[in-house]
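A quick write-up on the structure given underneath.
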Amino acid sequence: MYNKRSIFLSPFMIILYIMTIILLVVYFGFTAFFNTHYLPNTTVGTVSCGFRTAGYVETENTSQISRYSLLISDRKDTLYVLEGKDFDYSYVNQGEEAAILESQNPFAWPIALFSPSTYSLSYSVSYDEAKLQDCIDHLGLFNSDYIEQPVNAYIELNETGYTIVPEVMGNVPIAEQVSQEIFDAVQNSAASLTLSSACYVSPEIFSSSKEILSAASTIDTYLKAVITYEFWGTEKVEFGRDKIMSAVQLDSDFQVTLDTKVFEKFAQKLASSYNTYGDRREFKTSTGDIITIGGGDYGWVVDKAKEAAEIQNNILSGTPVTREPVWSQTARQGGPDDIGNTYIEVDYTNQHLYYYKEGELVVESDFVSGSMSEGWGSPDGIFDVNYKQRNATLRGETYESAVDYFVVFAYNVGFHDASWRKKTEFGGDTYIDDGSHGCINMPLDAVKKLYEEVAKGTPIVAYYRDPVILQSENCRISNAYSYVAPEEPEDTTQTP
């Protein structure tokens, strides 16, 4: 028996079939729609174009390009705007919008509802290059009153050191490079552009340049070499940073040199301040009075040439040092009172000699000095014992004398025995008319003891109590205090 109910569907199934048919119609309907439209949530370039056609994207791009402008920032952060319309900037369709649309799978539109898709767009633009170049040429960054020249970094010397003055970059534009960077930005439709440093003329020397750093390092080395002079434990003088910097010289190639004249001048200053050679001194005699005596060859003498060279060597080494000057001659002790308490006192006026050793009187004797009437007066001044000699033969133009003891102190003048003189001839005023040729004649026992006791370098203070004029050669050479150069004879020769 045939079952009639089998040909009838239940209401549920009918609804299910209807819904399925509707969904299929909708699905295939939208599939057909997305054959010519972008899928939902699609972005092409900068345009959101879901449910839109390729023509819409092209229209939007064309509209955007027509409003194109480029914001340019230069080195001084000044802003300039180039409007696309001023150089005919326009969009060129290459069909990429349609190609992107064709690449989409329209059957995947339900998935696209929940999955965004973004596509880059390699479109091209066109513009009038001549008009663009003209716009560039009229930018304010090329105005002469706006342009600042670049300045190299340099080293500025001052009294106690130096300062590295940094470079000034300036903003002198390089026209070709400026144009190149703007053209590239326009070609890529860039919205903004900051001109690079390649667009400007650059300084040649920077504060970080090796020439600057090398020169600064050299000066730093020199500035470390402060020289501290110590004089006899009581005084200090410094050749400090200010003195060093006064000698530092820097040429245009940043080569550092030292002005040796500064060292020579300083050595001269030391000599002027601390040389005691030939200085006038007040001296307390053995009889208790005070006399003033100068001249002679005794005292401290700075070797100016060697001291200047030593200053330079110290500075080149870059090491601080404490030292004395380079002396060419030294005295028994330091300071203005450089004679000390060991010395020979020669009183020409009283023809009497005293030898003190560590303050104790060791030898005292009368003597006969150079003949004043013959012009052979013995040299006065401050001297020291140059050398001692036994059994010497003294020779002159008119004499030859053998002596047992000879203690020399001024050129060829010295103390020696005089066997040809009687004991009664020593002292008094014998020296005035019957004196020696300049040496100090002493009794044998006195000069023998002096010879044995006195040491080389012992100061000798020789003086006249009354003014005298000395004109002998040995007085000239030994820088005698009372030496007066003879007057040149007047030339009476007449020229025809």
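Computed from the coordinates by the stated procedures, all read-outs in this text should not be read as laboratory data. This structure is a prediction, so every number in the text was calculated from the model and none was measured. Methodologically, a virtual Cβ is constructed for each residue, glycine included, from the backbone with ideal geometry; neighbour enumeration extends over all protein chains shown.
Compute the Cα gyration tensor for segment 88-194, then decide on rounded, prolate or oblate, letting a ≥ b ≥ c be the square roots of its eigenvalues: rounded whenever a/c is under 1.5, prolate when a/b is larger than b/c in the other cases, and oblate in all that remain. Verdict is oblate for segment 88-194. With contacts taken as Cα pairs under 8 Å at a separation of at least 6 residues, segment 343-477 carries a relative contact order of 36 percent.
Can you flag which of 236/456; 76/210; 85/131; 284/357; 306/456 are past 22 Å Cα-Cα? Over 22 Å Cα-Cα: 236/456; 76/210; 306/456. The amide H of residue 200, built 1.01 Å from its N in the peptide plane, has 174 as neighbours under 5 Å, considering only residues 5 or more places off or on other chains.
Computed 3J(HN,Hα) for segment 386-391, one whole-Hz value per residue from the Karplus formula 6.51 cos²θ - 1.76 cosθ + 1.60 where θ = phi - 60°, is 7, 6, 10, 9, 9, 6, glycine and proline marked x.
The listed peptides 443-449, 405-411, ordered by packing as a protection proxy, come out as 405-411, 443-449 (highest mean of other Cβ atoms within 10 Å first).
In order along segment 79-96, the Karplus-derived 3J(HN,Hα) couplings, from 6.51 cos²θ - 1.76 cosθ + 1.60 at θ = phi - 60°, round to 9, 9, 10, 9, 8, x, 5, 6, 10, 6, 7, 9, 8, 10, 6, 10, x, 6 Hz, and Gly and Pro are given as x.
When both bridge partners sit in the chain, DSSP labels roughly 75% of those beta bridges antiparallel.
Distant-in-sequence amide contacts of residue 52, defined by a placed amide H-H separation under 5 Å and a gap of 5 or more residues or a different chain, comprise 38. Electrostatic tally near residue 322: other residues with Cβ closer than 12 Å to its Cβ, Lys and Arg +1, Asp and Glu -1, net -1. Computed from backbone phi, the HN-Hα couplings of segment 333-349 come to 9, x, x, x, 8, 9, 7, x, 10, 10, 6, 10, 9, 10, 9, 5, 5 Hz, rounded to whole numbers (Karplus: 6.51 cos²θ - 1.76 cosθ + 1.60, θ = phi - 60°; Gly and Pro given as x). Relative to the longest principal axis of the Cα atoms of the chain, helix 444-453 runs at roughly 20 degrees.
In the chain, the longest principal axis of the Cα atoms and the axis of helix 175-187 are about 30 degrees apart. The amide H of residue 366, built 1.01 Å from its N in the peptide plane, has 353 as neighbours under 5 Å, considering only residues 5 or more places off or on other chains.
Which aspartates and glutamates have a Cα lying under 17 Å from the Cα of residue 388, excluding residues fewer than 8 positions away in the same chain? Answer for residue 388, where 17 Å is the Cα cut-off: 404, 417, 445, 452, 453, listed by chain and number. What's the angle, to the nearest 10 degrees (0 to 90), between helix 304-317's Cα axis and the longest principal axis of the chain? Once rounded, the angle reads 30 degrees. Calculated on C-alpha atoms, the gyration radius of the chain divided by its Kirkwood radius gives an Rg/Rh of 1.60.
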